[in-house]
1. Quick one: in segment 79-92, of everything that is small (Gly, Ala, Ser) and either modelled with pLDDT of 75 or more or touching a Pro at 6+ places or on another chain (Cβ under 6 Å) (or both), which residue is most open to solvent (accessible area, probe 1.4 Å)?
2. For segment 33-53, give me each residue that is surrounded by 13 or more Cβ atoms within 10 Å (Cβ to Cβ) and more than 15 Å from Leu18 (Cβ to Cβ).
3. When only residues in segment 62-78 that are at pLDDT 95 or above and open to solvent by less than 60 Å² (accessible area, probe 1.4 Å) count, which is farthest from Ala90 (Cα to Cα)?
4. Only one of these conditions is not met by Val37: (1) farther than 15 Å from Val95 by Cβ; (2) of a type in the set (Val, Ile, Thr); (3) at pLDDT below 95. Which number is it?
5. For segment 17-32, name all the residues that are free of Cβ contacts under 8 Å to residues at least 24 places away in the same chain and either under 19 Å from His70 (Cα atoms) or surrounded by 12 or more Cβ atoms within 10 Å (Cβ to Cβ) (or both).
6. Could you list, in sequence order, the residues of segment 1-16 that are under 20 Å from His70 (Cβ atoms) and open to solvent by less than 90 Å² (accessible area, probe 1.4 Å)?
Amino acid sequence: RVLAPGGRAIVSVLHPFLAALGWHAPFQDTTGRRGFVREHDHTHGDYFTALRNAGLVLERVTEPRLQAGHLAAKRRAMRAIPEATVAAYAGLPGVLVLAAAKP
């Protein structure tokens, strides 16, 4: 309802695979305090259906993969078992990015 005809929307969420494992999206506020956005494990199909129900047409799906450097935010695991953390997660999809348009 807020996107004009011909407009495009980009949606980026923590990858559903990681959300199902219990990951949360970390952030840091302006004072330097760390926090997390609580994630709910939705499937790709849930997102596709929501876009369709909103009258949008899915144009592209991208699933960038985690690199070793991205895993620094997993501070507990990296402090305790860094090699295992990198071996377990590097190369897995980290986020789901959806591009959609309003006809």
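The values are calculated or read from the model by the stated rules, or taken from the named source; none is laboratory data. Worth saying up front: this structure is predicted, and the values here are computed from it rather than measured. Every residue, glycine among them, receives a Cβ derived from its backbone with ideal geometry; neighbour counts consider all protein chains shown. Ligands, DNA and RNA are stripped out before the accessible areas are found, and what is left, the full protein with its side chains, is counted by its heavy atoms. Shrake-Rupley method; radii C 1.70, N 1.55, O 1.52, S 1.80 Å.
1. To start, the set of residues in segment 79-92 that are small (Gly, Ala, Ser) comprises 80, 84, 87-88, 90-91.
If we keep only those that are either modelled with pLDDT of 75 or more or touching a Pro at 6+ places or on another chain (Cβ under 6 Å) (or both) as well, we get 84, 87-88, 90-91.
On the way: Ala84: 51, Ala87: 82, Ala88: 60, Ala90: 43, Gly91: 35 Å².
Checking each candidate, the answer is Ala87.
2. Selection gives Phe48, Ala50, Leu51.
3. Once the filter is applied, the top-ranked residue is Thr62.
4. Among (1) farther than 15 Å from Val95 by Cβ; (2) of a type in the set (Val, Ile, Thr); (3) at pLDDT below 95, the lone unmet condition for Val37 is (1).
5. Ala19, Ala20, Leu21, Gly22, Trp23, His24, Ala25, Phe27, Gln28, Asp29, Gly32
6. Val11, Ser12, Val13, Leu14, His15, Pro16
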